[in-house]
Amino acid sequence: MASLNRRRFLKWTLGGFAALSTAAIAGGVGISLIPDVPAAANAPWRTAGQGRNPRERALSYAALAPNPHNLQSWLIELIGDDRMRLYVDRRRLLPETDPVNRQIVIGQGCFIETLALAAGLEGYRAEVTLFPEGAFATNGVDHRPVAEVRLIAGGQADPLAHAITQRRSVKEPFDVTKIPSNGQLRALTALSTADARLAATASPDRVKRLRDLLYVGMEIETRLPRTFLESVKLMRIGAEEITRHRDGIDLGGGMMEVLGRTGIVTREALADPTSSSFQTGLDRYRAMTEATPALIWLTTPGNRREDQIAAGRAYQRLALSVAQAGLSLHPMSQLLQEYPEMAEAQRQLMAELEVHAPERVQMLARIGYGPTTSPAPRRDPASLIVAGPKLSMAF
Ligand SMILES: Cc1cc2nc3c(=O)[nH]c(=O)nc-3n(C[C@H](O)[C@H](O)[C@H](O)COP(=O)(O)O)c2cc1C
């Protein structure tokens with residue numbers, strides 16, 4: 001379909017969605033009842049804590065960690081009864097938007113923190129040895145382990161562990177009339193450590209400048225074909241694709257189901273800058289960034305691989321604390337990414353946040369009160385476990 005026709009058709013369809021949906025229900029499809037994420041795609045959130053032994057049970061929670069583009073780039077090698085090694089699944093990287101794999105390593109840190117917290121639930125302590133065969137180079141990850149983890153009896157439960165299954169990345173507009181209080185933001189930034197510093201703002205002028213910048217970052221990424229296509233390839237449109245992959249960017253729910261099934265929203269349309277789907281995506285980001293009452297960011301003293309792991313661990317502790325406080329959190333990483341077209345916007349962000357090298361902003365997130373959302377898809381935690389020989393074959 002020519003793009004102009006498609007545009008008209010989409011406009012008509014969006015306008016006529018209620019009619020279509022009514023027709024679908026009358027036809028017995030019940031499309032308006034389709035959840036954003038089908039139950040089969042996010043089952044691991046409900047089975048977390050099940051497993052044959054403490055290590056399996058801890059891994060079932062760790063698989064719920066936040067991670068870039070929900071790629072879940074984790075591989076686990078079990079060693080003996082009480083140890084495991086964590087590797088990066090190098091088939092699941094983001095070469096365009098995360099060219100040095102900084103975000104992928106942060107996602108490894110999120111996994112390690114979740115594993116350690118889950119071990120505590122059963123009275124175990126996780127002894128973590130980072131990079132037992134040496135750290136990755138600054139320009140990319142390799143086959144060596146990220147960490148070796150041993151579960152040792154005698155750990156204590158951290159109350160944060162109880163929020164693992166409650167935490168969400170809330171990729172929606174927040175209520176702009178409900179601003180997190182200074183006391184709430186202070187309690188969260190008090191989670192700062194020497195390894196990872198947190199700062200936040202709800203000051204209206206500063207928040208406005210930052211959310212304008214967030215949109216600039218999103219527009220740069222979206223209008224640059226090579227970076228946007230990387231995301232488009234990871235978009236899962238409708239229940240069937242979401243359930244088949246259980247990863248990536250899930251575009252589900254009744255409206256998407258109709259638009260996907262009728263061939264109106266396709267990867268091709270989403271990637272076409274002249275299409276309504278493309279413009280609708282940008283408009284949605286504009287509405288979302290504008291509905292941001294406060295922002296929080298996390299910096300590390302440097303940008304070594306160990307700093308990135310520390311950032312991931314601290315980010316997951318922040319996200320769990322946010323969930324416990326009844327607030328919503330949504331990371332937006334575009335401005336932090338390392339490709340030339342983003343450099344100027346990133347420089348402006350650093351000036352606005354008053355962060356100077358070698359200190360590095362690792363995470364920047366919207367914070368406020370958002371709607372309740374479904375847990376994101378997750379693959380079966382057992383699929384992360386690979387045997388030694390199979391592990392080397394995977395690459
Ligand atoms: C390092 C890192 C960077 C992220 N950047 C973004 C981002 O730019 N935009 C976004 O919507 N979510 C971002 N996220 C959140 C992930 O998309 C999210 O964790 C993943 O989809 C799984 O969803 P969940 O956190 O609700 O379990 C990021 C997460 C991590 C760990």
(Q) Condition (residue is more than 16 Å from Met363 (Cβ to Cβ), assigned to a loop (DSSP other than H, G, I, E, B) and within 16 Å of the ligand (Cβ to nearest atom)) applied to region 120-136: is it met by at least one residue? (A) yes
Q: Identify the single condition in (1) within 30 Å of Thr262 (Cβ to Cβ); (2) at pLDDT 95 or above that Arg85 does not satisfy, given that it satisfies every other one.
A: (1)
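Quick one: how many residues across region 322-344 are more than 15 Å from the ligand (Cβ to nearest atom) and either under 23 Å from Arg168 (Cβ atoms) or not charged (D, E, K, R) (or both)? Write out each step before concluding.
Of region 322-344, the ones more than 15 Å from the ligand (Cβ to nearest atom) are 324-326, 340-341, 343-344.
Now narrow it down to the ones that are either under 23 Å from Arg168 (Cβ atoms) or not charged (D, E, K, R) (or both): 324-326, 340, 343.
Matching residues across region 322-344 total 5.
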Q | Filter result for the condition that a residue is surrounded by 19 or more Cβ atoms within 10 Å (Cβ to Cβ) and touching a strand residue (DSSP E or B) at 6+ places or on another chain (Cβ under 6 Å), over Phe228, Phe174 | A | Phe174
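For the subset of region 86-111 comprising residues that are of a type in the set (A, V, I, L, M) and not in a helix (DSSP H, G or I), which member is nearest to the ligand (Cβ to nearest atom)?
We begin by selecting, within region 86-111, every residue of a type in the set (A, V, I, L, M); these are 86, 88, 93-94, 100, 104-106.
Restricting the remaining residues to those that are not in a helix (DSSP H, G or I) gives 86, 88, 93-94, 100.
Values: Leu86: 15, Val88: 13, Leu93: 13, Leu94: 10, Val100: 13 Å.
Step by step, filter region 86-111, then rank; the result is Leu94.
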(Q) Among the residues that make up region 290-303, is at least one of them of a type in the set (D, E, K, R), within 24 Å of Gly370 (Cβ to Cβ) and at pLDDT 95 or above? (A) yes
Q.
Residue pairs, Cβ under 9 Å, 6 or more apart or interchain, first in region 329-342 and in a strand (DSSP E or B), second more than 9 Å from the ligand (Cβ to nearest atom) and of a type in the set (Phe, Trp, Tyr). List them.
A. His330/Phe174
Q: Residue by residue through region 241-298, note down the ones that are closer than 22 Å to Ile220 by Cβ, charged (D, E, K, R) and surrounded by 21 or more Cβ atoms within 10 Å (Cβ to Cβ).
A: none
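Condition test on Ala65, is it away from the ligand (no atom under 12 Å from the Cβ) and among the small types (Gly, Ala, Ser)?
Details: away from the ligand (no atom under 12 Å from the Cβ): no; among the small types (Gly, Ala, Ser): yes.
Considered against the rule, which asks whether it is away from the ligand (no atom under 12 Å from the Cβ) and among the small types (Gly, Ala, Ser), Ala65 comes out as no.
The rows are residues; the columns are (1) over 27 Å from Gln324 (Cβ atoms); (2) touching a helix residue (DSSP H, G or I) at 6+ places or on another chain (Cβ under 7 Å); (3) aromatic (Phe, Trp, Tyr).
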| residue | (1), (2), (3) |
| --- | --- |
| Val88 | yes, yes, no |
| Glu96 | yes, yes, no |
| Gly109 | no, yes, no |
| Glu113 | no, yes, no |
| Gly123 | no, no, no |
| Ala137 | yes, no, no |
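Among the residues that make up region 140-148, is at least one of them of a type in the set (Asp, Glu), more than 14 Å from the ligand (Cβ to nearest atom) and touching a residue at least 60 places away in the same chain (Cβ under 8 Å)? So that I can check it myself, show each step before the final result.
To start, the set of residues in region 140-148 that are of a type in the set (Asp, Glu) comprises 142, 148.
With more than 14 Å from the ligand (Cβ to nearest atom) added as a condition, the list becomes 142, 148.
When the remaining residues are screened for being touching a residue at least 60 places away in the same chain (Cβ under 8 Å), the result is 148.
Yes, region 140-148 contains a residue that is of a type in the set (Asp, Glu), more than 14 Å from the ligand (Cβ to nearest atom) and touching a residue at least 60 places away in the same chain (Cβ under 8 Å).
Check whether at least one residue in region 348-355 is surrounded by 20 or more Cβ atoms within 10 Å (Cβ to Cβ) and touching a helix residue (DSSP H, G or I) at 6+ places or on another chain (Cβ under 7 Å), and report yes or no. Before you say what the answer is, go through the steps one by one.
Taking region 348-355 and keeping what is surrounded by 20 or more Cβ atoms within 10 Å (Cβ to Cβ), we get 349, 353.
Going one step further and asking which of them are touching a helix residue (DSSP H, G or I) at 6+ places or on another chain (Cβ under 7 Å), we end up with 349.
Yes.
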Q. What is the number of the single condition among (1) on the phi < 0 side of the Ramachandran plot; (2) out of contact with any helix residue (DSSP H, G or I) (no Cβ under 9 Å at 6 or more places or on another chain); (3) not aromatic (Phe, Trp, Tyr); (4) not in a strand (DSSP E or B) that Thr193 does not meet?
A. (2)
Q: All but one of (1) β-branched (Val, Ile, Thr); (2) surrounded by fewer than 23 Cβ atoms within 10 Å (Cβ to Cβ); (3) within 13 Å of the ligand (Cβ to nearest atom) hold for Thr114, so report the exception by its number.
A: (2)
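Yes/no per residue for (1) of a type outside the set (S, T, N, Q); (2) within 22 Å of Asp212 (Cβ to Cβ):
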site	(1), (2)
Arg286	yes, yes
Leu295	yes, yes
Pro301	yes, no
Gln308	no, no
Arg313	yes, no
Val322	yes, no
Ala357	yes, no
Val361	yes, yes
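Any idea which of Ala325, Ala311 is over 17 Å from Pro371 (Cα atoms) and either among the β-branched types (Val, Ile, Thr) or touching a residue at least 60 places away in the same chain (Cβ under 8 Å) (or both)? Don't jump to the end; show me each part of the working.
Working: Ala325 fails: over 17 Å from Pro371 (Cα atoms).
Sole residue among the options that is over 17 Å from Pro371 (Cα atoms) and either among the β-branched types (Val, Ile, Thr) or touching a residue at least 60 places away in the same chain (Cβ under 8 Å) (or both): Ala311.
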Q: Report yes if Gly155 is more than 16 Å from the ligand (Cβ to nearest atom), on the phi > 0 side of the Ramachandran plot and free of Cβ contacts under 8 Å to residues at least 60 places away in the same chain, otherwise no.
A: no
Q: Could you figure out which of (1) within 12 Å of the ligand (Cβ to nearest atom); (2) crowded, with 21+ Cβ neighbours inside 10 Å; (3) closer than 22 Å to Arg91 by Cα isn't true of Pro381?
A: (1)
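The values are calculated or read from the model by the stated rules, or taken from the named source; none is laboratory data. Being a predicted model, the structure only gives us computed values, none of them experimental. Neighbour counts are summed over all protein chains in view; Cβ atoms, including those assigned to glycine, are modelled from backbone coordinates with ideal geometry.
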